[in-house]
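**Student:** Structure below; questions to follow.
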Amino acid sequence: MQLAIKRILFFVALFGLWELAIRIFHIPAVILPSPVDVLLSLRESLADGSLIEDLGASFTRLIIGLSIALIIGVLLGVFLANVKTADETLGSLILALQSIPSIVWLPLAIMWFGLNEKSVIFIIVLGAAIVMTINMRTGIKNVQPLYIKAAQTMGSTGIDLFIRVMLPAAVPYAVTGTRLAWAFAWRALMAGELLSTGPGLGYTLKYASDFGRMDMVIAIMFVIGVIGVTVDILIFQRIEKRVLVKWGLEQKEAA
Amino acid sequence: MFLTIKNVQKRFTNYGKTELVLKDINLNIKEGEFVSLLGPSGCGKSTLLNIVAGLLTPSEGELHLDDCLITKPGKDRGMVFQQAALFPWLSVEENIMFALKKEMKKKEARVIVQKYLQLVQLSSYAKHSPHELSGGMQQRVSIARALAMNPRVLLMDEPFGALDEQTRRRLQDELERIWSETKKTILFVTHSIQEAIKLSDRIIVLGTHPGKILKEIPIDIDRPREQHIQEIVYYEDMITKLLKNEIDNVVEEELYDAVSY
């Protein structure tokens, strides 16, 4: 409870200072709008349904992109973990690609797919699939040898061993991979939408910026942040925690 | 003979240096016998057990179980490790079912699972996850899992080594009971002299560098053995003396290694 009070006080103070600074220094709204303006703008876009529409469009892209990325990531990760030559060659390429933010592929993507949904989805897939691949590969490679030995003494070999032991043993890594993939996908989505077409949160943000509506820009930034944090904490961190406890990789916190 | 180990040698190569870990191991084990491999760390007792399990191959020599040459792991040899090695993504019941799944219907498998859960006195834990069980309970499930596939021989690699003293005692009693109920042949690795005396029909004492059989000691004490303190002490003294030289050697060698690094 203490923690909640501390946080509420902190945010109240932050918004208070922000409002105060704008009044004292007479900062114009195109430079930095006041928190009240931002709230009003948020209410406006909620009321006319444009925010919901944007969210719907953005999430559709995200889900399509993330799903494709996860499938590719799992398959590629499993492939790299099992084929040494592929790991040594293709694996190094994937590690190298990881250091390139996926958004810089957008110019190429637009040439290949046109200035549309597909380009944005391509950017999402690229960003999320790489991190999923790397985690999946690590997961399969790091299966405890003891599990494998135990399964072998129970007559399990080959494909049977892989499906019934290696894959489930790698689940904690897959969950972490999915969480990171979501984070990468979310960022890639916003970047892609900013530079490409709407409807969508990123597109509306750019649109608002073109009209100097900084209150709207900050309102959308706020929405992006809240969604990012909420999904991460409420969905992924919970699943991750539960899996880690069940897989015996982390102790349950004392109640 | 039921399980025969003939002229087994095992070498490991580390950093280009070949080391002989097991030398001239010859051993015959009768059906239903409880045999312990006892020795200081580094004597290769676990290695020998892994070779019997088929998880390692001997450099020379061969092993037979029921006149079949052992070349790879198989369901005729159940193994219990120091860690329970239960699969965390499966329930207790599913863990015990692991080896049964391909051979029979789920319904039949469930009956067997219940039977072995009863044997280890964990009937009410079928649906639990391994992580919800204590270390001792996990190890009992692991024993049930190995027994459920009805192996010819049960191999146990310091199965109680990671448990606290009280749990360890309880599980030793339980293993003795399980052994007398199932009449299984058990090959048991331990470094605890008391544990070996308490449980075994015969103790194979191994020496180090290279691992070799120092002596085979039949333990001739009526069960349950707690009451026969004098006999237990007699065997303890005998084995302690036998191992003292070996342990001194190990310590000396480790000191020498420590200095040379």
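Since every read-out is calculated from the coordinates, none of them should be taken as a lab result. Here the structure is a predicted model, which is why all the values come from computation and not from measurement. Cβ atoms come from the backbone with ideal geometry, glycine included; neighbour counts cover every protein chain shown.
**Student:** May I ask what percent, to the nearest 5, of DSSP beta bridges between residues of segment B:3-191 are antiparallel?
**Tutor:** If I count the DSSP bridges inside segment B:3-191, around 55 percent turn out antiparallel.
**Student:** Could you list which residues have their amide H under 5 Å from that of B:Glu33, counting only those 5 or more apart in sequence or on another chain, with H placed in the peptide plane?
**Tutor:** So B:Glu33 has HN proximity to B:Ile186.
**Student:** Also, I was wondering about something else. Using only the alpha-carbon atoms of segment B:3-191, report the extent along each of the three principal axes, biggest first, to the nearest angstrom.
**Tutor:** 50, 36, 34
**Student:** So for segment B:183-261, considering every pair of alpha-carbon atoms, how many percent are separated by more than 18 Å?
**Tutor:** 48 percent
**Student:** Shifting gears a bit: In terms of modelled amide H atoms, which long-range or inter-chain residues lie less than 5 Å from the amide H of B:Arg11?
**Tutor:** B:Val21, B:Ser59
**Student:** Further question on the same structure: Which residue fluctuates the most in chain A, going by a Gaussian network model with Cα springs under 10 Å, if the choices are A:Ala109, A:Ala96, A:Ala57?
**Tutor:** It is A:Ala96.
**Student:** Starting from a Cα-only point model with no solvent, please compute log10 I(q)/I(0) by Debye for segment A:54-246 at q = 0.17, 0.19 1/Å.
**Tutor:** Listed by q, the Debye log ratios stand at -1.09, -1.25.
**Student:** Can I ask one more? With springs only between Cα atoms under 10 Å, which of A:Val125, A:Val83, A:Val231 fluctuates most in a Gaussian network model of chain A?
**Tutor:** Ranking A:Val125, A:Val83, A:Val231 by mean-square fluctuation puts A:Val83 first.
**Student:** Please give me, ordered by residue number, the trypsin sites (Lys or Arg not before Pro) of segment B:154-217 that lie in loop per DSSP and have at most 13 other Cβ atoms within 10 Å. Mind dumping the intermediate values first?
**Tutor:** Values: sites: B:Arg168, B:Arg169, B:Arg170, B:Arg177, B:Lys183, B:Lys184, B:Lys198, B:Arg202, B:Lys212, B:Lys215; in loops: B:Lys183, B:Lys184.
When the trypsin sites (Lys or Arg not before Pro) of segment B:154-217 are filtered for loop state and at most 13 Cβ neighbours within 10 Å, B:Lys183 remain.
**Student:** Once the Cα gyration tensor of the protein assembly as shown is diagonalised, what are the square roots of 5 times its eigenvalues, in whole Å and ordered largest first, as equivalent ellipsoid semi-axes?
**Tutor:** Equivalent ellipsoid semi-axes, largest first: 62, 25, 23 Å.
**Student:** Excluding residues fewer than 8 places away in the same chain, name every one of the lysines whose C-alpha is closer than 21 Å to that of A:Lys6.
**Tutor:** Reachable lysines: none.
**Student:** With n ≥ 4 as the cut-off for DSSP H runs, can you work out [θ] at 222 nm for chain A, using -39500 (n - 2.57) per run divided by the number of residues, rounded to the nearest 500?
**Tutor:** It comes out at -25000 deg cm²/dmol, rounded to the nearest 500.
**Student:** Can you give the net charge of the other residues whose Cβ lies under 13 Å from the Cβ of B:Thr240, counting K and R as +1 and D and E as -1?
**Tutor:** -1
**Student:** Let me ask something else. Report, ordered by chain and residue number, the aspartates and glutamates lying within cross-link reach of A:Lys241, taken as a straight Cα distance under 14 Å and ignoring same-chain residues fewer than 8 apart.
**Tutor:** Excluding near neighbours in sequence, the set is A:Asp232, A:Glu250, A:Glu253.
**Student:** What is the sum of charges, Lys and Arg at +1 and Asp and Glu at -1, for the other residues whose Cβ falls under 13 Å from the Cβ of B:Lys183? Please report the intermediate quantities before stating the final value.
**Tutor:** Details: positive: B:Lys30, B:Arg152, B:Arg177, B:Lys184; negative: B:Glu31, B:Glu33, B:Glu176, B:Glu181, B:Asp201.
Residues close to B:Lys183 contribute a combined charge of -1.
**Student:** Report, for the protein assembly as shown, the % of DSSP beta bridges that are antiparallel, rounded to 5. Each step should come with its number before you reach the end.
**Tutor:** Numbers: 22 of 41 bridges.
Rounded to the nearest five, the antiparallel share is 55 percent.
**Student:** Between A:Thr60 and A:Ile235, what length comes free when the chain is fully extended (0.36 nm per residue of separation minus the Cα-Cα distance, one decimal in nm)?
**Tutor:** 61.2 nm
**Student:** For the pairs B:Lys6/B:Lys212; A:Lys149/B:Lys105; A:Lys84/B:Lys17; A:Lys141/B:Lys17, note any where the Cα-Cα span goes beyond 22 Å.
**Tutor:** Details: B:Lys6/B:Lys212 13 Å; A:Lys149/B:Lys105 25 Å; A:Lys84/B:Lys17 27 Å; A:Lys141/B:Lys17 27 Å.
Table pairs above 22 Å Cα-Cα are A:Lys149/B:Lys105; A:Lys84/B:Lys17; A:Lys141/B:Lys17.
**Student:** Kindly provide the helix-only [θ] at 222 nm of chain B, computed as the sum of -39,500 (n - 2.57) over DSSP H runs of four or more divided by all residues, to the nearest 500 deg cm²/dmol?
**Tutor:** Calculated mean residue ellipticity at 222 nm is -12500 deg cm²/dmol.
**Student:** Around B:Val80, which amide H atoms from residues at least 5 apart in sequence, or from another chain, sit under 5 Å from its own amide H, with H modelled in the peptide plane?
**Tutor:** B:Leu155, B:Met156, B:Asp157
**Student:** With springs only between Cα atoms under 10 Å apart, run a GNM on chain B and tell me which of B:Asn50, B:Asn95, B:Asn14 wobbles the most.
**Tutor:** B:Asn14
**Student:** Can you give the mean number of other chain Cβ atoms that lie within 10 Å of the Cβ atoms in peptide A:157-169?
**Tutor:** Across the residues of A:157-169, the mean count of other-chain Cβ atoms within 10 Å is 2.
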